[in-house]
Amino acid sequence: MKTNKIFNILLISFASLSISCHKEVQPEFDPSKRGFILLEFDNVVGTRDLELNRGVYRNAAGEDFTVTQLLYYVSNIRLKKADGTEYVVPQDSSYFLVREHVPDTHVIRLSVPQGDYIGVSFILGVDSLRSTMDISRRQGVLNPTDMTREEGMYWTWNSGYIFLRLEGTSPQIAPDPAGNRRFRYHIGGFGGGFGNPPVRTINNIKKIELSFKRDVAKVRSKSTPQMHIIADVLKVFNGPNTISLAQNPTVMFSPFSVNVANNYQHMFEYHHMHTVASR
Amino acid sequence: MKKLTIFTIASVVFAISVSISCKQGDINPAIEVQVPPYFPPMVYDLQKNPVTQAGFELGKALFYEGQLSRDGMVSCGFCHQQSAGFTHHGHDLSHGVDDRLGKRNALPIQNMAFLSDFMWDGGIHDLDLQPLAPIENPVEMDESLPNVLEKLRRNPKYPPMFQRAFGTPEITGERLLKALSQFMVVMISANSRYDKYLRGQIQLTSDELRGLQLFKEKGCDKCHAGALFTDQSYRNNGLSLEFNQDLGRYEITLNEQDKYKFRVPSLRNVEVTRPYMHDGRFRNLEMVLDHYSEGMADIPTLDSIFRRPDGKRGIPMTAEEKRLIIAFLKTLTDEEFLTDKRFSEEH
């Protein structure tokens, strides 16, 4: 603690520095004013960075694999304050699609009241309410008419969003008729609620809660914390259930998909914080 | 200004009209969607998508637009032909682009505003989202929505039509879907001889009346219930799995109890929507009734309504009873709907 204070004093004296790791820009803040917090999703595989189409990784089932595509929805974000209250990001602007091949989508920028934040929670996927809303309420990344086949995150025949889409290849997978050894994991399922009487279906909506551990994200008019969150693809296969790609090369809307979702709910980990001084 | 009444039934007095008011001098007049009083409440929310003349016309143009498919040839109307009750005339399974064969028989498009779910397995829960499925299905229209929208934007015919329907020429997926819905919600079939009989306008023949009585006595109306002739449930009616193991409703609910169950289809215009069943296996109504009387396979999820105390399956019917029931079913044919120019492809 003492060393930390000295460290801060040192930093303040170097006021020209614009970026630092634990910089106290202003002790006071005005909660009636807004600032920004950034959530950065850094997709990795175990101890290694995720490299699409190139990196070769090994899962707990002993299978080698390469990832060609990773997309997932982050929605319904809530930020936990040091005083125990929560800031709920307005629902209409709380849907984001992280696409590994588009680096801009890795960082989610949120406008929030100034304050001290100690944790975040979000849904990996799309909540059931939004999944059944009128088409006019599904804009941006939720617009089912704005998706290409290659990056489709919506099942047209079984109305609902794909929460996480992970595709790749593995030499252990038997070749398909075209000779490709592909795996395709399209995981969704919002629990149903349609039909008369209402039908319950599998619910793969996962709420993720992350504490910022010993860090406090101090959102100020001149300070924008960037929270670095690790998403470990390996956890999709290695978790409560050890999943073999050779045995399950295709997992979409099926009872087995629940095992995948129960694994990937553990794939996120808060790692560290940067503080970016705003201009 | 001239009020457009696009659905004409002789006794307007009986009609409940779900109407959107139309101000004097509107360039794009509203369309009144008129519903007979004996119909169930409308499921589709017209407040969210008021039907207008220009919206309806755009929806119709899109319904018959081949550009919605990858090869430019397969429109919605290709598999949903008016004279066949908007089904694929004579096809057990429909073929899409490159003659690829679908896995299920095309359902009729009629009275869609009253349905809560769509498709044989009920996998779609909003009429607005329904057209996405055939457009993107590789064995149907095999096209992506972004491509469809791009093609429409480049087609000089469409921006002005979108402008008239929605106020600006912008072509979006939401507008495309809302326009198609506007066309489809107006497609109400309620002018069959049976409807006119219900409204006291005509009398049915004695055979038809005996058929109607048998339809109730045999319990057909337990599932083919009400004015829509469907209770909108999903059931297994004992179709043999020998040649087709389509899991039906199970694919949507993943519930074991739903294996091999399919939508109870409406019987309106059933005379012209042959062949029958989700895979079109029966060529005519006689074969259908023969199936119901003695053709049912013993499948664990067979609807209990078909299990008889003596251990046999199906609904006992004599040949004469079947003939009379079919005579009644033909009173559900709505000639006005099947020939209504407002819904017809323009050549």
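With the condition kept exactly as written, say whether any residue in segment B:84-106 is assigned to a loop (DSSP other than H, G, I, E, B), under 11 Å from the mean Cα position of the chain (by Cα), of a type in the set (A, V, I, L, M, F, W, C) and within 12 Å of B:PRO134 (Cβ to Cβ).
Yes, there is a match, as at least one residue in segment B:84-106 is assigned to a loop (DSSP other than H, G, I, E, B), under 11 Å from the mean Cα position of the chain (by Cα), of a type in the set (A, V, I, L, M, F, W, C) and within 12 Å of B:PRO134 (Cβ to Cβ).
Residue check: is B:ARG164 in contact (Cβ under 8 Å) with a residue 24 or more places away in the chain and in the same structural domain as B:ALA30 (by TED's automatic domain parsing)?
In short, yes.
Residues are listed down the side, and each one gets a yes or a no for (1) more than 14 Å from chain B (Cβ to nearest Cβ); (2) of a type in the set (Gly, Ala, Ser); (3) within 18 Å of A:VAL45 (Cβ to Cβ); (4) surrounded by fewer than 16 Cβ atoms within 10 Å (Cβ to Cβ):
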site: A:PRO225; (1), (2), (3), (4): yes, no, no, no
site: A:PHE237; (1), (2), (3), (4): yes, no, yes, no
site: A:GLN247; (1), (2), (3), (4): yes, no, no, yes
site: A:THR250; (1), (2), (3), (4): yes, no, no, yes
site: A:GLN265; (1), (2), (3), (4): yes, no, yes, no
site: A:PHE268; (1), (2), (3), (4): yes, no, yes, no
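Listed here are the residues, each with its yes/no results for (1) buried (at least 17 other Cβ atoms within 10 Å of the Cβ); (2) within 14 Å of chain A (Cβ to nearest Cβ).
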site	(1), (2)
B:PRO159	no, no
B:GLN163	no, no
B:PRO169	no, no
B:ARG175	yes, yes
B:MET184	yes, no
B:MET187	yes, no
B:LYS196	yes, no
B:THR205	no, no
B:ARG210	yes, no
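In this structure, does B:GLU143 turn out to be in the same structural domain as B:CYS76 (by TED's automatic domain parsing), assigned to a loop (DSSP other than H, G, I, E, B) and at pLDDT 95 or above?
On the way: in the same structural domain as B:CYS76 (by TED's automatic domain parsing): yes; assigned to a loop (DSSP other than H, G, I, E, B): yes; at pLDDT 95 or above: yes.
It is true that B:GLU143 is in the same structural domain as B:CYS76 (by TED's automatic domain parsing), assigned to a loop (DSSP other than H, G, I, E, B) and at pLDDT 95 or above.
Against the conditions (1) within 14 Å of another protein chain (Cβ to nearest Cβ); (2) within 22 Å of A:ARG138 (Cα to Cα); (3) buried (at least 19 other Cβ atoms within 10 Å of the Cβ), where does B:PHE114 fall short? Just the number, please.
(2)
Check whether at least one residue in segment B:118-127 is surrounded by 21 or more Cβ atoms within 10 Å (Cβ to Cβ), at pLDDT 90 or above and farther than 17 Å from B:GLN232 by Cβ, and report yes or no.
Within segment B:118-127, none of the residues are surrounded by 21 or more Cβ atoms within 10 Å (Cβ to Cβ), at pLDDT 90 or above and farther than 17 Å from B:GLN232 by Cβ.
Residue by residue, here is whether (1) within 14 Å of chain B (Cβ to nearest Cβ); (2) of a type in the set (Gly, Ala, Ser) holds:
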| position | (1), (2) |
| --- | --- |
| A:VAL45 | no, no |
| A:TYR73 | no, no |
| A:GLU100 | no, no |
| A:HIS106 | no, no |
| A:GLN114 | no, no |
| A:ARG137 | yes, no |
| A:GLY140 | yes, yes |
| A:THR148 | yes, no |
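Please indicate, with yes or no, whether at least one residue in segment A:157-174 is within 13 Å of chain B (Cβ to nearest Cβ), more than 15 Å from the chain's Cα centre (by Cα) and among the small types (Gly, Ala, Ser).
So far as segment A:157-174 goes, yes, one or more of its residues are within 13 Å of chain B (Cβ to nearest Cβ), more than 15 Å from the chain's Cα centre (by Cα) and among the small types (Gly, Ala, Ser).
Within the group A:ASN180, A:ASN241, which residue is within 21 Å of the chain's Cα centre (by Cα), assigned to a loop (DSSP other than H, G, I, E, B) and more than 27 Å from A:MET273 (Cβ to Cβ)? Working first, answer last.
Working: A:ASN180 fails: within 21 Å of the chain's Cα centre (by Cα).
Of the residues listed, the single one that is within 21 Å of the chain's Cα centre (by Cα), assigned to a loop (DSSP other than H, G, I, E, B) and more than 27 Å from A:MET273 (Cβ to Cβ) is A:ASN241.
Considering only residues that are under 17 Å from B:HIS224 (Cα atoms) and either in contact with a Lys or Arg (Cβ under 9 Å, 6 or more places away or on another chain) or β-branched (Val, Ile, Thr) (or both), which ones fall in segment B:116-146? Give the steps one after another, and end with the answer.
Here is the first cut: in segment B:116-146, the residues under 17 Å from B:HIS224 (Cα atoms) are B:116-122.
Passing the criteria: B:ASP117, B:PHE118, B:MET119, B:TRP120, B:ASP121, B:GLY122.
Can you tell me how many residues in segment A:97-117 are in contact with a Gly (Cβ under 9 Å, 6 or more places away or on another chain) and not polar (S, T, N, Q)?
4
Among the residues of segment B:266-288, is any part of a helix (DSSP H, G or I) and free of Cβ contacts under 8 Å to residues at least 40 places away in the same chain?
yes
Every residue, every condition in (1) surrounded by 11 or more Cβ atoms within 10 Å (Cβ to Cβ); (2) modelled with pLDDT of 95 or more; (3) not in a loop (DSSP other than H, G, I, E, B), yes or no:
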{"residue": "B:GLY311", "(1), (2), (3)": "no, no, no"}
{"residue": "B:ILE315", "(1), (2), (3)": "yes, yes, no"}
{"residue": "B:LYS322", "(1), (2), (3)": "yes, yes, yes"}
{"residue": "B:ILE325", "(1), (2), (3)": "yes, yes, yes"}
{"residue": "B:GLU336", "(1), (2), (3)": "yes, yes, yes"}
{"residue": "B:GLU345", "(1), (2), (3)": "yes, no, no"}
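The values are calculated or read from the model by the stated rules, or taken from the named source; none is laboratory data. Note that the structure is a prediction, hence the values are computed from the model and not measured. Reconstructed Cβ throughout: ideal geometry from the backbone, glycine too, with neighbour counts over all protein chains shown.
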